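Derivation of every value follows stated rules applied to the coordinates shown; laboratory data play no part. All of these numbers come straight from a predicted model, not from anything done at the bench. Glycine also receives a Cβ, built like all others from the backbone with ideal geometry; neighbour counts cover every protein chain displayed.
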Amino acid sequence: MKFASFSYDGVQGYGIVHPEEQKILNLTKTKDWNGPKTFLEFVQREKHLEEAKQLERNWLSEQIITDEIIFVNDPLFQWEAPIPKPLKNIFAVGKNYVEHAMEMGGTEAPSYLVIFSKVPTTVTAHQSEVLLHKHVTKEVDYEGELGVIIGKKAFHISKEDAWEYVFGFTIINDVTARDLQRQHQQFLLGKGLDSFCPIGPYVVDRDSFLPIEKKQLITVVNGEERQRATFNLMVFSIPDIIETLSKGMTLEAGDIIATGTPKGVGKGFNPPKLLQKGDVVEIEIDGIGKLKNYFND
């Protein structure tokens, strides 16, 4: 099943997405729902997932009739990132596809997991504008990625048990200022500018999405396909990532992991195809949907 966060007439909410993706059952207000009122709280209280699945079944079979249906084409509707204000930095994996590592100047896959983070103020939503920050960077790039949302506290977790700690999956654009990344010789500034982490539009729960290996990510810029890859090409699998991160730090419900980008980023072309004002980036993942954003000054 799919979930989405939104604002309707200025009031934030979240809900269950209809299979046709044109309407959302507003869990924030429906009388048939006694669960949490925000999506982050919902993720933190795993027991409510089965209740939500039953509510979805009742809704789709018309066993419940409710006025709390939000239509995404309503002028009062606005997308929000699934977790609009994450409690912590987003964990992000670098060089997790061999061909991407090589297009960025490497000669082989990394031997150890490469991890950096993106601060919470980078987060923005589907169909929102991403700022180019021309006053600090001239080299803004896109990176389409599969996002993982942790579902419960995890410490010192083996990769064999790792899937039990995943709530679900989403789409992330790990927008990057390549010149800042190069100048400062670390990733935080180049990855951390405001609006540099579009997430959404949906979260799909773990069991509805697995297995992931043959699912495909496609990134399109202004109608031109730039990235296409399946997730079996990852150097470090999602269980590997969770095992490594949790060895000495606690992952918590609502934590977000960006799992790395495949080849085809703008910097990898000759000459580079970096983002400009007016560009539109669309990232699509099988079984989740399509994340679309507009780039502007």
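Annotation for Glu213 and Lys290: the two label points, set 7 Å from Cα along the Cα-Cβ direction, are 2.9 nm apart.
So, how do all the Cα-to-Cα distances of segment 138-177 break down into 10 Å bins, in percent, from 0 on up? Per 10 Å bin, starting at 0, the Cα pair percentages come out as 26, 35, 25, 13, 1. As a ratio to 2.2 N^0.38 Å, the alpha-carbon radius of gyration for segment 229-297 is 1.44. Residues of segment 65-102 with backbone nitrogen within less than 19 Å of a virtual label 7 Å along the Cα-to-Cβ line of Gln22, please, listed as ranges. Correct set: 66-79.
Secondary-structure-derived ellipticity at 222 nm for the chain, considering helices only, amounts to -4000 deg cm²/dmol, per-run term -39500 (n - 2.57) for DSSP H runs with n ≥ 4. Relative to one another, the C-alpha centroids of segment 60-90 and segment 243-295 are positioned 22 Å apart. Largest mean-square fluctuation among Leu188, Leu233, Leu76, in a Gaussian network model of the chain whose springs join Cα atoms under 10 Å apart, belongs to Leu76. With N counted as the residues of segment 1-80, its alpha-carbon radius of gyration over 2.2 N^0.38 Å works out to 1.00.
Look at the Cα gyration tensor of segment 146-260: its axes a ≥ b ≥ c give a/c of at least 1.5 with a/b at or below b/c, and that counts as oblate. Name the shape class, rounded, prolate or oblate, that the alpha-carbon gyration tensor gives for segment 69-182, where a ≥ b ≥ c are the square roots of its eigenvalues, rounded holds for a/c under 1.5, and otherwise prolate holds if a/b is larger than b/c and oblate otherwise. In terms of gyration-tensor shape, oblate. Using Cα atoms only, what is the angle between the long axis of helix 48-60 and the major principal axis of the chain, expressed in degrees (0 to 90) to the nearest 10? Roughly 70 degrees between the two axes. Sorted on the mean count of surrounding Cβ atoms within 10 Å across their residues, most packed first, peptides 219-226, 280-287 read 280-287, 219-226. Considering the chain, its Cα convex hull presents a mean projected area of 15.1 nm². Summary value for segment 90-296: 34 percent relative contact order, contacts being C-alpha pairs under 8 angstrom separated by 6+ residues. Within the straight-line cut-off of under 18 Å between alpha carbons, the lysines reachable from Lys263 are Lys95, Lys191, Lys214, Lys215, Lys273, sequence neighbours fewer than 8 places apart in one chain being disregarded.
Just so you know, the averaged projected area of the alpha carbon convex hull for segment 19-58 sits at 3.0 nm².
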